[in-house]
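Since the structure comes first, as structure tokens, the remarks are kept for the end.
The values are calculated or read from the model by the stated rules, or taken from the named source; none is laboratory data. Just so it is clear, the structure is predicted and the values come from calculations on it, not from any experiment. Positions of Cβ are generated from backbone atoms using ideal geometry, with glycine treated the same way; all protein chains shown enter the neighbour counts. For the accessible areas, the whole protein counts, side chains as well, though only heavy atoms, and no ligand, DNA or RNA atoms are used. Shrake-Rupley method; radii C 1.70, N 1.55, O 1.52, S 1.80 Å.
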Amino acid sequence: MAVLMVVLFGMAALAVDITMQANERQELHDTIDSAAHAGAYELPNSTAQAAATTFATKNDPDSTPTVDFFCIVGSKLVGATYRVDVTHIPSNCNPGPPPYDETAYGTGSGVGVGLRCNSQICAIPCVPAEGDKCNTMRVRDEKPVPFGFANVLGVPQGSTGTLSSVACKGPCGKAVANPIDFVVVGDRTGSMGTAINSLESAIEGLLEYLTPSQHNVAMGTIGRSAVPGNGVSTNTAPANCRSKPSWGPDKRLAGPWIPVGFSNDYDNTDIDPPSSPAVLNPASTLAMAVECMGDENSSTGTYLAAPFRAARQLLTGTCPAAFCRPDLPVRPAPVKKAIIFMTDGEPNESVNPGGGYPYSSDGNVACNNLKNEATTAKAAGILVVTIAFRLEGVRCEGGGSAAVTDVLASVASPRSDGTPSLDDGGGNGSGCNTAAKVAGENTDGDFFFCTPDPSQLEPIFQTAASQISGGVRLLKLP
């Protein structure tokens, strides 16, 4: 009986200590999950590591976390091996110059650092101190657990074991599935030239990237689209294409700014990861309008404030039917509202577009009109992303007037209070006129993007959508 009692008490003591060890492990796990999330929210800023460690020690003064960083992008199948999808660099993140392969980074092992891919994502080691722009943080920690009863048996302490938590901000290889109503406004005026085909591919890629059950999408155009039933000057666009350019005595005065209202049927084979090139629903009015967008440039001037106002009106349910095709209704809160606004030119607004929409033949006034419209939209809780295409050095009214990139940056805002973004090249300087400035601007998370390269439009549109989602999420490294 005495021997049995010793055994039973010993087992009970061990059970208490093991339970304590399990509790400590769970508490540490919760701490580093929260720390990784808090740190990733600050990415790509240099404050991310401090935010993570501060959060961890605030919740557990005994925590001593270690932090490292990755650039998480999508993967693609090359032969029989998954490789880095380089089109996501530098828009999603930028781990430095290529090559992005095991030769440059190694493969890593266990908790080691190396480049690894699975069927959805690739994790590339990233070092902020070397100027890399990282979108993912890993936080690791281990704590000893002092034992009470087991100490009598010669086991003074246990351990939580090394725990790891990984948090990614932004695209992370795919869009975050939060309910959002998007209005995507694209510039297809004559100055786009053949790059209009890249814009078409970019919007198609965006639709493939989004999730129809979560994301309703409407499409706006610069310039306006034809009234349904009317022809088009060169007859290159199909008759049932809603995005064909307007025509008539004055093309500036005909047709809607938003030719396709909210739609959620654009991708009937929604898959993850998205296919490339995009495969959309051929019966969708929106998918059809995007597919024929590249058939013909518009010969109108570049109007900025008017289509922006129409996008805002559509999102607030106030746009007249003559200027916005209603289709599906806008959804009530808490569904987010967002505008993605892309243009390649300074304002050229010589004719009154009617309907009370703002315009001015003075470029400075036209740029200010756009800023005013954005202020109104942001005050209504609408998130705004702007994309400047081939606008380096372009000004609203020539000479010493404001740079169009500065105006577009001020229109955008990553914050709910509408604080304007800056054209600052992510710290490399304004102008978007060097590769470093473009890369910096497109990875600084401020909702303003720029590029002179048509091929970069597609990943920029996808990154913009993911930033609007506000996605910081925990994930597992390959």
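What number of residues in region 112-130 are more than 17 Å from residue 77 (Cα to Cα), among the small types (Gly, Ala, Ser) and either open to solvent by 60 Å² or more (accessible area, probe 1.4 Å) or under 21 Å from the mean Cα position of the chain (by Cα) (or both)?
1
For residue 399, indicate whether it is more than 25 Å from residue 169 (Cα to Cα), modelled with pLDDT under 85, open to solvent by 10 Å² or more (accessible area, probe 1.4 Å) and not β-branched (Val, Ile, Thr).
The answer is yes for residue 399.
Out of 402, 380, 388, which single residue is within 20 Å of residue 466 (Cα to Cα) and aliphatic (A, V, I, L, M)?
388
To keep it simple, each residue is scored yes or no on (1) among the aromatic types (Phe, Trp, Tyr); (2) within 30 Å of residue 401 (Cβ to Cβ); (3) open to solvent by 10 Å² or more (accessible area, probe 1.4 Å).
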position	(1), (2), (3)
310	no, yes, no
313	no, yes, yes
326	no, no, yes
333	no, no, yes
338	no, yes, no
344	no, yes, yes
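Of all the residues that make up region 89-107, how many are modelled with pLDDT of 80 or more and open to solvent by less than 30 Å² (accessible area, probe 1.4 Å)?
The number of residues fulfilling the criteria is 4.
Do we find a residue being of a type in the set (A, V, I, L, M, F, W, C), part of a helix (DSSP H, G or I) and touching a Gly at 6+ places or on another chain (Cβ under 9 Å) anywhere in region 377-391?
yes
Out of (1) farther than 22 Å from residue 348 by Cβ; (2) among the charged types (D, E, K, R); (3) touching a helix residue (DSSP H, G or I) at 6+ places or on another chain (Cβ under 8 Å); (4) open to solvent by less than 30 Å² (accessible area, probe 1.4 Å), what's the single condition that is false for residue 437?
It fails just one condition, (4).
Taking region 363-392 only, how many residues are open to solvent by less than 70 Å² (accessible area, probe 1.4 Å) and on the phi > 0 side of the Ramachandran plot?
Summing the residues that are open to solvent by less than 70 Å² (accessible area, probe 1.4 Å) and on the phi > 0 side of the Ramachandran plot in region 363-392 gives 1.
A quick yes/no check of all residues on (1) in contact with a Phe, Trp or Tyr (Cβ under 6 Å, 6 or more places away or on another chain); (2) under 28 Å from residue 196 (Cβ atoms); (3) among the hydrophobic types (A, V, I, L, M, F, W, C):
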position	(1), (2), (3)
387	yes, yes, yes
402	no, yes, yes
406	no, yes, no
410	no, yes, no
431	no, yes, no
441	no, yes, no
475	no, no, yes
478	no, no, no
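Here is a check on your reading of the model: is residue 360 part of a loop (DSSP other than H, G, I, E, B), buried (at least 19 other Cβ atoms within 10 Å of the Cβ) and out of contact with any Leu (no Cβ under 6 Å at 6 or more places or on another chain)? Full working, then the answer.
On the way: part of a loop (DSSP other than H, G, I, E, B): yes; buried (at least 19 other Cβ atoms within 10 Å of the Cβ): no; out of contact with any Leu (no Cβ under 6 Å at 6 or more places or on another chain): yes.
The answer is no for residue 360.
Filter region 77-102 down to the residues that are more than 27 Å from residue 448 (Cα to Cα) and in a strand (DSSP E or B) and list them by number.
Selection gives 77, 78, 81, 82, 83.
Got a sec? Which strands (runs of 3 or more DSSP E) wholly within region 117-229 have at least 3 residues that are among the β-branched types (Val, Ile, Thr) and at pLDDT 95 or above?
180-187
I'd like to check something: does region 412-427 contain any residue that is open to solvent by 20 Å² or more (accessible area, probe 1.4 Å), closer than 22 Å to residue 95 by Cβ, part of a loop (DSSP other than H, G, I, E, B) and without any contact (Cβ under 8 Å) to a residue 24 or more places away in the chain?
There is at least one residue in region 412-427 that is open to solvent by 20 Å² or more (accessible area, probe 1.4 Å), closer than 22 Å to residue 95 by Cβ, part of a loop (DSSP other than H, G, I, E, B) and without any contact (Cβ under 8 Å) to a residue 24 or more places away in the chain.
I need a count of the residues in region 42-88 that are among the hydroxyl-bearing types (Ser, Thr, Tyr) and surrounded by fewer than 17 Cβ atoms within 10 Å (Cβ to Cβ).
Going through region 42-88 one residue at a time, the tally reaches 7.
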